[in-house]
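A.B. asks: What follows is a single structure, and I will ask about it in a moment.
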Amino acid sequence: MSLVKKERTTVAYHEAGHTIIGTVLDEAETVHKVTIVPRGQAGGYAVMMPKEDRFLLTKNELLDRITGLLGGRVAEDVTFGEVSTGASNDFERATEMAHRMVTEWGMSDKIGPLQFKGSNDNVFLGRDMGGGKGFSDQIAFVIDSEVQRIINECYARAKEILTTHQVQLETIAQKLLEIETLNAKEIRSLFDTGEMPVAEDDTVVAEAQEVVVEAVGDADVAATVDEQVIEKTEDKQ
C-alpha cells in the first residue's frame, strides 16, 4: 500500500468514525456531509449540525459531543490497531470541553458547583500548578483527574460504539474511498441498510450553524457550537 493510499484509507476510517458516533448518539449533532476530499491542512472533514437551535447544553449532550470528537482516533485504533497524528486537534477540543465542564459548569461530582477562575487558560494536565491560579494544588490535582476521567470514559464509550457498529464503520469508510463524499441521506441509508439510496438532488446544507470535524495531518476541529461551549479555531498548520 503506497503512502498516499494508506493516508487516504486512514482518513476514510477516521471520518467514518466521527460519522458513526454522530449517527448513533441521540444528543450528538446530525451528520449532513462527510468527505475525504482534502481541505487546507485536513485530509477530510465531516459537516454536522445540531438537531435544533440551542442556547444551553446538558451534561449528557456535552459528553456525547466529546465522544464524537474522539470517534476518529478510536476508529483508527479499532480498524488498524495503530493510530495517527490526525486526532491532535480532536483531543485539544475534547479536553477543553471536559475542562470547562469541571471548572466552569459545575459538572463534576468531585468538584461540585464551583467555578475556578484562571484555570481555563491552562487546559492540559499539570499546567495550573504553581502560578496564580487562586486554588490549591490539591484542587488542581482533582481538576486534572476529573478531566482525565471524562476523556477516558468518553474514549471507552466511543470504542464500544464503534466495535458494536464495525460493519457500518467498514461500509461507510469503503464508500468514502469509492466516491469520496456522502450526504446525510446516503449516510443514513448506508448505516441502516448497507446500500446507497435512490439518487436524487442533494439538499443544500445551511452554513450558519454547521460543525466541521476535520481529520488527519494534525487537522482542526472547527465547531460553530454555542459560544458558551466551544469557540471556532483557525487551522493549526
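The values are calculated or read from the model by the stated rules, or taken from the named source; none is laboratory data. Model, not experiment: these values are computed from the prediction. In this analysis, Cβ positions are derived from the backbone assuming ideal geometry, glycine residues included, and neighbour counts consider all displayed protein chains.
A.B. asks: Restricting attention to the range 52-80, which residues are closer than 17 Å to Glu7 by Cβ and either without any contact (Cβ under 8 Å) to a residue 12 or more places away in the chain or small (Gly, Ala, Ser) (or both)?
C.D. replies: As a first pass, look at the range 52-80 and keep what is closer than 17 Å to Glu7 by Cβ: 72-73, 75-77, 79-80.
Scanning the range 52-80 gives Gly72, Ala75.
A.B. asks: I've got another one for you. From the list Glu29, Glu76, Glu61, which one is among the charged types (D, E, K, R) and under 11 Å from the mean Cα position of the chain (by Cα)?
C.D. replies: Of Glu29, Glu76, Glu61, the one residue that is among the charged types (D, E, K, R) and under 11 Å from the mean Cα position of the chain (by Cα) is Glu29.
A.B. asks: Another question about this same structure. Considering (1) outside any strand (DSSP E or B); (2) over 26 Å from Phe141 (Cα atoms), say which one Pro113 fails and leave the rest.
C.D. replies: Every condition holds for Pro113 apart from (2).
A.B. asks: Taking the criterion of being within 18 Å of Thr163 (Cβ to Cβ), modelled with pLDDT under 95, of a type in the set (Ser, Thr, Tyr) and in contact with a Phe, Trp or Tyr (Cβ under 7 Å, 6 or more places away or on another chain), would at least one residue in the range 35-57 satisfy it? Even if it seems obvious, please write down each step before you answer.
C.D. replies: As a first pass, look at the range 35-57 and keep what is within 18 Å of Thr163 (Cβ to Cβ): none.
Taking every residue of the range 35-57 in turn, none turns out to be within 18 Å of Thr163 (Cβ to Cβ), modelled with pLDDT under 95, of a type in the set (Ser, Thr, Tyr) and in contact with a Phe, Trp or Tyr (Cβ under 7 Å, 6 or more places away or on another chain).
A.B. asks: Among the listed residues Ile172, Ile230, which satisfies the condition of being surrounded by 15 or more Cβ atoms within 10 Å (Cβ to Cβ), under 20 Å from Leu70 (Cα atoms) and modelled with pLDDT of 95 or more?
C.D. replies: Sole residue among the options that is surrounded by 15 or more Cβ atoms within 10 Å (Cβ to Cβ), under 20 Å from Leu70 (Cα atoms) and modelled with pLDDT of 95 or more: Ile172.
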